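For reference, the structure is listed below as structure tokens.
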Amino acid sequence: MVSNGIGVDDSLVRRAVLFEIKQDHLMESKKHISQSNLIQLVDETDDVEKLVFLLKKNNPDIVFLSTDNLNGEGNVTINKIRRYNNQVCIVAMGTKDETQAVLQYFRAGADEYLMKPIQRDELLALLGRISSKPRYSTQKSVSFGKTVAVWGCRGGCGTTTIAANAAYLQQQSSPTILVDFHIEQGDLSLFFNMRNMNYSIKDLFDANSNFDEILVDNVTTRYNSGLSLLLQPIKGNLRNFNSNSVESLLTILKQKYRYVFLDIGHQDKTLLTVMPHIDEIILVINQNLPSILMGAKKISLLKNYCFNLNDVKVILNQYKRKHHITPSKIQKVLGTNHKINCVRDDYYYVDMAMNHGMPLHEIKRRSKTNKDIIDFLKRFYSDKSDQDKEVKLLPFNEQNIFSQYRSEEVKGENHDESI
Ligand SMILES: Nc1ncnc2c1ncn2[C@@H]1O[C@H](COP(=O)(O)OP(=O)(O)OP(=O)(O)O)[C@@H](O)[C@H]1O
Ligand SMILES: [Mg+2]
């Protein structure tokens, strides 16, 4: 028997996440839940959005969800958790008699309801029920694909260039689709000379998430290499871009494609909408200080939302490289030990490819930019890809970076060719 140090067999201990909005309630609930040494509280939050990410991070057995301060939206939150994770046991907790609401909680997917303050015997009875109950199916859905969001640190940093060429190259070995989720300024069609397409992603989202594989197939465009594309409309805005419609679409795409690349532009809002439904992020930064600092902000946003930093790859697009900031300095600013993957500037061919509406590979396969994207894909997206070491957080001292950088500027051309 493996013991947890307090004489309890580890296999009997349930890992739990707690959601409580009010600080005093939080202390109270923690105290009561800890009455049983059969529950290990692994995380807590007062933010509904963050809760989903904590589930992804911790994969707990139980989520204790206090409903008192959710303004009658408890069922919405429960439904959200249930759609995201059909394994976790959802225990709603309330203080007053709310029979109608409790019914809704169960309909939304709750497994249990506890009145606060939680009594020890009720907690033990609940644990007994959990152990004897068969869990839901372990298969969320039959989904095989990996969803990779390509996210720019700011506008014009080369997000679409990287996304378009990476997806094109990846398609050569695995079924791949590229989706233009750059909601306001999606211009992916330019990169594949497809400005005259009749159908777009708008036709799907206008259907209010009521779309199926057939509809998705109908609005999917195919580039002649076999790469599938879901493009933005030439006219009109994309309405109904929300977590539900994104989830419905990605579920369908993941069943059909091995890789689902998303060009999400640079807005944080778009990232937060897609975040619960993606597996990895490619963060594109440029080699100048403002861009790198924006990159650091993006990384800290990911940390705040508990996105696993091991699932983030960083590309340094050296387009318009003006300054010579070394990758190790960039790592310091980012505050992680992420490997910085460089993609070199090759204006002549990148521009030519763009003007022809063709992937770089078809214009000049040995162009520097194309070769670097191929190396990046080999490293991370081939079957034999060697994974990065675990990403650790490093001490972050913005002041230092600025002073180092400025002193280098004064020294003049201090090129670091190691980049
Ligand atoms: N490695 C590179 N070498 C040369 N030119 C590049 C490189 N990467 C990007 N560019 C050029 O930079 C410009 C902006 O690229 P791109 O449209 O991919 O940026 P973006 O981040 O998607 O912009 P937006 O915010 O408008 O979506 C384009 O003209 C592109 O050709
Ligand atoms: Mg773009």
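Bear in mind these aren't lab numbers, they're just calculated from the coordinates by the rules spelled out. No experiment lies behind these values; they were computed from the predicted model shown. Methodologically, a virtual Cβ is constructed for each residue, glycine included, from the backbone with ideal geometry; neighbour enumeration extends over all protein chains shown.
Per-structure values
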| item | result |
| --- | --- |
| Test item: Cα-centred dipole of region 10-132, Lys/Arg +1 and Asp/Glu -1 on Cβ, debye | 340 debye |
| Segments 96-104, 229-237, 113-121 sorted - mean Cβ within 10 Å per residue, highest first | 229-237, 113-121, 96-104 |
| Mean Cα-pair separation over length for region 146-411, i.e. relative contact order, pairs under 8 Å, 6 or more apart, % | 24 percent |
| Distance histogram for region 10-132 (every C-alpha pair counted, 5 angstrom bins, percent rounded to whole numbers) | 2, 11, 25, 27, 22, 11, 1, 0 |
| Global geometry of region 146-411, whether rounded, prolate or oblate, following the gyration tensor of its Cα atoms and the 1.5 cut on a/c | prolate |
| Model label zone, Asp351; criterion: amide N under 20 Å from point 7 Å along Cα-to-beta-carbon; scope region 156-187 | 156-162, 165 |
| Sparse-neighbour loop sites [trypsin sites (Lys or Arg not before Pro); region 177-229; at most 14 other C-beta within 10 Å; DSSP] | Arg195 |
| Pairwise label distance in nanometres, Asn198 with Asn59, each label 7 Å out on the Cα-Cβ vector | 4.6 nm |
| For Lys116, net neighbour charge (Lys/Arg +1, Asp/Glu -1) across residues whose Cβ lies under 14 Å away | -3 |
| Filter on Lys298/Lys368; Lys202/Lys313; Lys256/Lys313; Lys329/Lys378; Lys22/Lys256 - keep pairs with C-alpha separation over 32 Å | Lys22/Lys256 |
| Shape call, region 191-255: gyration tensor on alpha carbons, a/c limit 1.5 | oblate |
| Point-to-point label distance, Glu184-Gln87, nm (Cα→Cβ direction, 7 Å offset) | 3.9 nm |
| Between region 156-187 and region 234-248, the alpha-carbon center distance in angstrom | 18 Å |
| For Val343, distant residues with modelled amide H under 5 Å away | Leu316, Asn317, Gln318 |
